[in-house]
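Here's the structure, in structure tokens; my notes come after.
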Amino acid sequence: MTEDRRPAKKPPMRDVLAEAAFALFLERGFERTTVDDIVARAGVGRRSFFRYFPSKEDAVFPDHERCLADMTAFLAEADGADPVATVCDGARLVLRMYAEKPEFSVQRYRLTREVPGLRTYELSVVRRYERTLAGYLERRWAGDPDAGPDAALRAEVIAASVVAAHNNGLRSWLRSGGEGDAEAEVDRALELVRAVWGGADARPAAPAPEPAAVPSSAGDDEVIVMVARKGAPMWRVVQHIESALGTA
């Protein structure tokens, strides 16, 4: 029986650079670490760094480009009947990315809380996820005569709701130091979104009629007959009564 002496497979250079960068950020601080420091730690030249990362900030978030690509591919292949459930599942891909490396994810979360520039960068990444989800919903409703004139607005609002709910659950897990069940935290938050926006097509309900006050004569007295949808706010009912009476 011969011993396998093949050399171990080297990790991708992108990962080597990201690990070197993050180790230095933790040791020296983000602002005090230069690109020259990172390439020296990784044992490569400056050109190698910029081949993979346009900036130091990108080295803090080395996995988001892959996750965005995975989300885009997932949504392109999705054919489920419930588009809101689909975008919720797309958001869960981000959660799994964080959960793959809990220690790194927690350290990165703490670092972004300390460096305003990283927080700004992170918000720009979050916006890209949001636009990807909204784009999927817009395409699902494009050309649908029942989608209504506010389909694009609804897509933006739902996508923003999904991202906000996902991030609430994710950050709760990160603040705990990666303890507990991250998936349960995120699922609980996303269920709130589905409860509000879920449904086969997530189309808006037919607009309810506005309250209307109709004068009707009854002998010498004039009677106001009020017609309003169930659940109409009292202030609007009163507003229409006052309008009919001429007291508004």
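Inspect the stretch 36-44 for any residue being β-branched (V, I, T), in a loop (DSSP other than H, G, I, E, B), modelled with pLDDT under 95 and surrounded by 13 or more Cβ atoms within 10 Å (Cβ to Cβ) and give the result as yes or no. Within the stretch 36-44 (the criterion being β-branched (V, I, T), in a loop (DSSP other than H, G, I, E, B), modelled with pLDDT under 95 and surrounded by 13 or more Cβ atoms within 10 Å (Cβ to Cβ)), the answer is yes, since at least one residue qualifies. Evaluate the following for D70: is it open to solvent by 40 Å² or more (accessible area, probe 1.4 Å), at pLDDT 95 or above and either within 22 Å of R188 (Cα to Cα) or over 13 Å from the mean Cα position of the chain (by Cα) (or both)? It is true that D70 is open to solvent by 40 Å² or more (accessible area, probe 1.4 Å), at pLDDT 95 or above and either within 22 Å of R188 (Cα to Cα) or over 13 Å from the mean Cα position of the chain (by Cα) (or both). Within the stretch 162-192, restricting attention to residues that are modelled with pLDDT of 90 or more and touching a Phe, Trp or Tyr at 6+ places or on another chain (Cβ under 7 Å), the residue that is most open to solvent (accessible area, probe 1.4 Å) is E185. Condition check for E31 on (1) open to solvent by 10 Å² or more (accessible area, probe 1.4 Å); (2) part of a loop (DSSP other than H, G, I, E, B); (3) touching a helix residue (DSSP H, G or I) at 6+ places or on another chain (Cβ under 8 Å): one failure, at (3). Apart from one condition, T112 fits all of (1) within 19 Å of N168 (Cα to Cα); (2) at pLDDT 95 or above; the exception is (2). Residues of the stretch 73-94 that are touching a residue at least 60 places away in the same chain (Cβ under 8 Å), in contact with a Gly (Cβ under 8 Å, 6 or more places away or on another chain) and open to solvent by 10 Å² or more (accessible area, probe 1.4 Å): D82, A85.
Residues that are of a type in the set (A, V, I, L, M), within 17 Å of D181 (Cα to Cα) and open to solvent by less than 20 Å² (accessible area, probe 1.4 Å): does the stretch 100-118 have at least one? Steps first, please.
The first filter runs over the stretch 100-118 and keeps only residues of a type in the set (A, V, I, L, M), leaving 106, 111, 115, 118.
Okay, now just the ones that are also within 17 Å of D181 (Cα to Cα), so 106.
Add one more test, that the residue is open to solvent by less than 20 Å² (accessible area, probe 1.4 Å), and what stays is 106.
Checked against the condition, which is being of a type in the set (A, V, I, L, M), within 17 Å of D181 (Cα to Cα) and open to solvent by less than 20 Å² (accessible area, probe 1.4 Å), the stretch 100-118 yields at least one hit.
The values are calculated or read from the model by the stated rules, or taken from the named source; none is laboratory data. In this text, all values refer to a predicted model and were calculated from it rather than measured experimentally. Positions of Cβ are backbone-derived with ideal geometry, glycine not excepted, and every protein chain shown enters the neighbour counts. Calculation scope for accessible area: heavy atoms of the full protein, side chains included, ligands and nucleic acids excluded. Shrake-Rupley method; radii C 1.70, N 1.55, O 1.52, S 1.80 Å.
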